[in-house]
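For reference, the structure discussed in these notes is given below.
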Ligand code: NDP
Ligand code: HEM
């Protein structure tokens, strides 16, 4: 028998008995000085941390990003130079469900990536869709409230969802994807990932380019219908974890091709759509995808909680050569994630092994709960900056991002004026074959069960502006599913 290590207290002293409480006589009571029992119960009480306010249910793995193309004229980022290989972590998730939600629910999937580059961590926190439901960050908390539970019933409310969506036509593009086949992938391997926002690249000459990132699955797209998913969920609520963990464990490493779309900086003033609007894609015909590399997932975490639950991804994590853009949603996210991490994980969340950069880290933040690393300024006498202390960390002026051109008067601009919310959903609708359209209609009808007629009609009016067939198809599916007639309350709502 192999030698077993001695069980100890967290302070390192040996534990003689982990079976029997310390009692006054064989029948009890328990003695207060059984401090190990108290420790054990106290630790158990602290095993849970707040789940993510969105994207709580997730599945992750480690891997590598390998660059095969050459985009050095656009970006100086070392991780994107030809031949570069960068270790990385991926976490996939559903948006609305809680930590214990079933994996096979129709929902957008999170596609969060952390690249441990030699210039610091670069996080690309995207989804499996190239667009989003809203374009102004003021609307994100409201949108999420409609996806979560009703305050009184504690149930999810289809009425709230469709009320919000029908009053927010910018959501049409994303909801068309959500209720299409791609809204219910069979597992994380069979879906694309998109950075979604417009980011920027900048090169050594200080030139800026706008960029979108796409990770195209090499496993092919595979989806379940609602009916198939119901059967799966009846069998297992953890199908994604089983599939991702299982495939990697048996050495079948999933891969995604990394593509970028590049837009010259000045083009942003010329496109017929706002290239920073998160509800829009850049048509491939205008900005063809350029293949630049491959991402492979090839290692499971040893401890799910430590490495996947405690993973902290943030769009604020960029590296020299990669920048943000004027996208309003992106700027809100640049604030929101680190704030969420400080609440969910604690002040020094970036010192946790899964979040820690794999390059030297030097900063002047001081102290704080759970600071186990002391000072990171390079010299203990340098705990302020500027200083004249030898060996203390100093700025690197060459890492300065080139100026970002902005213009205009400060105001609250109505984001629903002057935006075409219908053309791009139409382009997508036109891509669908008859079967895909039929499933789109019936998925929407199923999701509208119980929604009042006035809200249904408001949404149907939007579908009509996308394409008359879209409206007619959903109307017919509503009739078939719920006996819905125009201007009536749907049967399921009675
Ligand atoms: P293209 O025909 O050049 O590109 C179509 C894109 O749509 C491809 O990336 C394809 O992804 C994707 N696609 C195909 N079928 C579906 C589907 N059932 N659900 C979601 N996406 C699908 O056309 P455009 O670039 O002009 O875009 C037309 C429409 O395609 C857009 O309005 C948008 O809705 C959608 N789209 C566009 C993307 C873009 O970046 N331009 C990205 C994703 C979707 P794949 O190659 O993986 O099959
Ligand atoms: C998670 C906020 C839009 C993708 C989160 C979290 C917050 C948040 C607070 C939880 C973070 C944590 O606790 O670790 C916001 C805000 C948004 C927004 C304020 C808009 C203003 C988006 C968009 C995308 C996205 C547009 C995709 C393009 C994700 C993903 C996660 C996440 C993938 C999970 C990350 C992980 O796996 O840990 N978001 N979000 N979010 N968000 Fe957003």
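The values are calculated or read from the model by the stated rules, or taken from the named source; none is laboratory data. No experiment lies behind these values; they were computed from the predicted model shown. Using ideal geometry, Cβ is built from the backbone for each residue, glycine included, and neighbour counts are taken over all protein chains shown.
When region 240-295 is filtered for residues that are within 16 Å of ligand 2 (Cβ to nearest atom), in contact with a helix residue (DSSP H, G or I) (Cβ under 6 Å, 6 or more places away or on another chain) and closer than 30 Å to residue 82 by Cβ, the ones remaining, listed by number, are 244, 275. For region 395-423, filtered to residues that are away from ligand 2 (no atom under 16 Å from the Cβ) and in contact with a helix residue (DSSP H, G or I) (Cβ under 8 Å, 6 or more places away or on another chain), the residue that is nearest to residue 324 (Cα to Cα) is 405. When region 187-213 is examined, which residues are found to be closer than 30 Å to residue 237 by Cβ and either in contact with a strand residue (DSSP E or B) (Cβ under 6 Å, 6 or more places away or on another chain) or assigned to a helix (DSSP H, G or I) (or both)? Within region 187-213, 188, 189, 190, 191, 192, 193, 194, 195, 196 meet the criteria. Of all residues in region 151-173, at least one satisfies being surrounded by fewer than 20 Cβ atoms within 10 Å (Cβ to Cβ) and on the phi > 0 side of the Ramachandran plot. Within region 55-86, the residues that satisfy the criterion of being under 19 Å from the mean Cα position of the chain (by Cα) and either under 23 Å from residue 299 (Cβ atoms) or surrounded by fewer than 18 Cβ atoms within 10 Å (Cβ to Cβ) (or both) are 55, 57, 58, 59, 60, 61, 62, 63, 64, 65. Annotation: residue 337 fulfils all but one of (1) touching a strand residue (DSSP E or B) at 6+ places or on another chain (Cβ under 9 Å); (2) closer than 22 Å to residue 118 by Cβ; the unmet one is (2).
Taking the criterion of being crowded, with 20+ Cβ neighbours inside 10 Å and closer than 27 Å to residue 248 by Cα, would at least one residue in region 129-149 satisfy it? Looking for residues that are crowded, with 20+ Cβ neighbours inside 10 Å and closer than 27 Å to residue 248 by Cα, one finds at least one in region 129-149, hence yes. Within the set 322, 290, 308, 318, the sole residue that is surrounded by fewer than 17 Cβ atoms within 10 Å (Cβ to Cβ) and touching a strand residue (DSSP E or B) at 6+ places or on another chain (Cβ under 7 Å) turns out to be 290. Among the residues that make up region 383-398, is at least one of them within 29 Å of residue 283 (Cα to Cα), surrounded by 17 or more Cβ atoms within 10 Å (Cβ to Cβ) and more than 16 Å from ligand 1 (Cβ to nearest atom)? Taking every residue of region 383-398 in turn, none turns out to be within 29 Å of residue 283 (Cα to Cα), surrounded by 17 or more Cβ atoms within 10 Å (Cβ to Cβ) and more than 16 Å from ligand 1 (Cβ to nearest atom). Across region 214-236, the number of residues qualifying as part of a loop (DSSP other than H, G, I, E, B) and within 16 Å of residue 106 (Cα to Cα) comes to 5. Among the residues of region 87-114, the one identified as within 19 Å of residue 292 (Cα to Cα) and surrounded by fewer than 17 Cβ atoms within 10 Å (Cβ to Cβ) is 87. Taken over region 314-324, the criterion of being out of contact with any helix residue (DSSP H, G or I) (no Cβ under 7 Å at 6 or more places or on another chain) and either within 13 Å of ligand 2 (Cβ to nearest atom) or free of Cβ contacts under 8 Å to residues at least 40 places away in the same chain (or both) is satisfied by 317 alone.
So, in region 237-253, of the ones that are assigned to a loop (DSSP other than H, G, I, E, B) and touching a residue at least 12 places away in the same chain (Cβ under 8 Å), which residue ends up surrounded by the most Cβ atoms within 10 Å (Cβ to Cβ)? Reasoning before the result, please.
Taking region 237-253 as the starting set, the residues that turn out to be assigned to a loop (DSSP other than H, G, I, E, B) are 237-238, 250-253.
Add one more test, that the residue is touching a residue at least 12 places away in the same chain (Cβ under 8 Å), and what stays is 237-238, 253.
On the way: 237: 17, 238: 15, 253: 15.
Here the answer is 237.
Within region 157-180, does at least one residue satisfy the condition of being assigned by TED's automatic domain parsing to the domain that holds residue 319, in contact with a strand residue (DSSP E or B) (Cβ under 6 Å, 6 or more places away or on another chain), touching a residue at least 12 places away in the same chain (Cβ under 8 Å) and in a loop (DSSP other than H, G, I, E, B)? Scanning region 157-180 turns up no residue that is assigned by TED's automatic domain parsing to the domain that holds residue 319, in contact with a strand residue (DSSP E or B) (Cβ under 6 Å, 6 or more places away or on another chain), touching a residue at least 12 places away in the same chain (Cβ under 8 Å) and in a loop (DSSP other than H, G, I, E, B).
Output the number of the condition that residue 298 fails; it satisfies all remaining conditions of (1) more than 16 Å from residue 350 (Cβ to Cβ); (2) touching a strand residue (DSSP E or B) at 6+ places or on another chain (Cβ under 6 Å); (3) near ligand 2 (Cβ under 9 Å from one of its atoms). For residue 298, the exception is condition (3).
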